[in-house]
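Novice: I'd like to ask some things about the structure below.
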Amino acid sequence: MRVTVLGSGDAYGSGGRGHSAYLLEAPGCTFLLDCGPSVLQSLKRAGHDSAAIDFVLLSHLHGDHFGGIPFLFMEYRYENPRTRPFAVFGPPDTERRVRGLFSALYEQTAREALPFGLRYQEVVPGSPVVMNGVRVLPFAVSHVAELVCLGYRIEAAGRTIVYSGDASWSDEFLTRLPIHISYPEIASRARDLGCRRLVLTHLGSEPLRHLEELSLECARDGMILDL
């Protein structure tokens, strides 16, 4: 299984990084884990064909994690016409939020029928789903009270990836924005997690200023992880 980091930045594009998006390629299946607004630029910069994507899996409904979906729809409608089915998996309210965003951005096109079958499916913590041979186990994560926020354990081709969602760091930053895990917290518990490789992502301006001081591996746009 291959993971390509399309966007490792935060909502503000700190350091010029793309919004949250990760391309996962497994035998017989290619999908996006989160789909931030900069997803098409990142896909095309890395030479990936958007037509290869089978579905999108969303962790939560903040704009920097799902705001790229309407642009995918536009790509599939006009630039790279699509006929095969497409699916969007995400927490409760995913369909309403995606449809509302599409309508807000491209009102006329959103009223028209798309040339491909589109399916929305809500996922809930603790209930595994199988998508194109990929097994996904959602679990609840603490982020913001007004949304259902999910992490995922993803199994494919004999490999396992766990995605925890948002993370931004340092004790000072945690005090100002207590909706992300802090770097000292995860660094102190890294050995207890039992994973072969731990990569930190969703990097804001503060951790980017201190990259050389961080002992844990940090993602970068365009990074490829072969598992």
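The values are calculated or read from the model by the stated rules, or taken from the named source; none is laboratory data. Because the structure is a prediction, the values reported are computed rather than measured. Methodologically, a virtual Cβ is constructed for each residue, glycine included, from the backbone with ideal geometry; neighbour enumeration extends over all protein chains shown. Ligands, DNA and RNA are excluded from the accessible area calculation, which covers all protein heavy atoms including side chains. Shrake-Rupley method; radii C 1.70, N 1.55, O 1.52, S 1.80 Å.
Novice: Antiparallel versus total DSSP beta bridges in the chain: what percent is that, nearest 5?
Specialist: 65
Novice: Tell me the relative contact order for the chain as a rounded percent, counting alpha carbon contacts under 8 Å between residues six or more apart.
Specialist: Relative CO of the chain lands at 21 percent.
Novice: If you take the charge dipole of region 54-97 about its Cα centre, with +1 on Lys and Arg Cβ and -1 on Asp and Glu Cβ, which of Asn80, Pro91, Phe66 is farthest toward its positive end?
Specialist: Value computed over the given set: Asn80.
Novice: Also, I was wondering about something else. When only the heavy atoms of the protein chains count and the probe is 1.4 Å, how do Ile224, Ile154 rank by accessible area, highest first?
Specialist: Working: Ile224 85, Ile154 0 Å².
The ordering from most to least exposed comes out as Ile224, Ile154.
Novice: Let me ask something else about it. Sorting Ser215, Ser14, Ser103 by accessible area (1.4 Å probe), largest first, what list results?
Specialist: Correct descending sequence by accessible area is Ser215, Ser103, Ser14.
Novice: Roll a 1.4 Å probe over the protein heavy atoms and report the accessible area of Leu147 in Å², nearest 10.
Specialist: Accessible area, nearest 10 Å²: 40 Å².
Novice: Next question, about the same structure. Just need the Rg to Rh number for region 30-165, please, alpha carbons only, Kirkwood Rh.
Specialist: Rounded to two decimals, Rg/Rh equals 0.95.
Novice: Over the chain, with a Gaussian network built from C-alpha contacts below 10 Å, which listed residue (Ala156, Ala11, Ala104) shows the highest mean-square fluctuation?
Specialist: Ala104
Novice: Once amide H atoms are built 1.01 Å from N in the peptide plane, which residues 5 or more positions from Gly204, or in another chain, come under 5 Å H to H?
Specialist: Answer set, sorted by chain and number: Trp169.
Novice: Per the helix-only calculation at 222 nm, which mean residue ellipticity applies to the chain, given -39500 (n - 2.57) for every DSSP H run of n ≥ 4 and division by its residues, nearest 500 deg cm²/dmol? All intermediate terms of the calculation are to be shown ahead of the outcome.
Specialist: Values: 8 runs with 52 residues, N = 227.
Calculated mean residue ellipticity at 222 nm is -5500 deg cm²/dmol.
Novice: Okay, moving on. Kirkwood hydrodynamic radius, computed over distinct alpha-carbon pairs, for the chain: how many Å, to one decimal?
Specialist: One over the average 1/r among Cα pairs gives 18.0 Å for the chain.
Novice: With axes computed from alpha carbons, what is the tilt in degrees of helix 94-105 against the longest principal axis of the chain, rounded to the nearest 10 within 0 to 90?
Specialist: For 94-105 against the chain, the angle is about 70 degrees.
Novice: Would you look at the GNM of the chain, springs on alpha carbons closer than 10 Å, and say which of Val39, Val144, Val136 moves the most?
Specialist: In the Gaussian network model the winner is Val144.
Novice: Can you give me the relative contact order of region 1-73 as a percent, contacts being Cα pairs under 8 Å and 6 or more apart?
Specialist: 29
Novice: So who's got an amide H within less than 5 Å of the one on Leu58, skipping anything under 5 residues away but keeping other chains? H placed 1.01 Å off N, in plane.
Specialist: Asp34, Phe89, Gly90
Novice: Let me ask another. If you look at just the Cα atoms of region 5-68, how large are its Rg and its Dmax in Å?
Specialist: Reported Rg and Dmax, both Å: 11.0, 34.
Novice: Something else about it: Counting other C-beta atoms within 10 Å, and keeping those with at most 15, which DSSP coil chymotrypsin sites (Phe, Trp or Tyr not before Pro) do you find in region 1-72?
Specialist: Passing both the DSSP loop test and the Cβ count: Tyr12.
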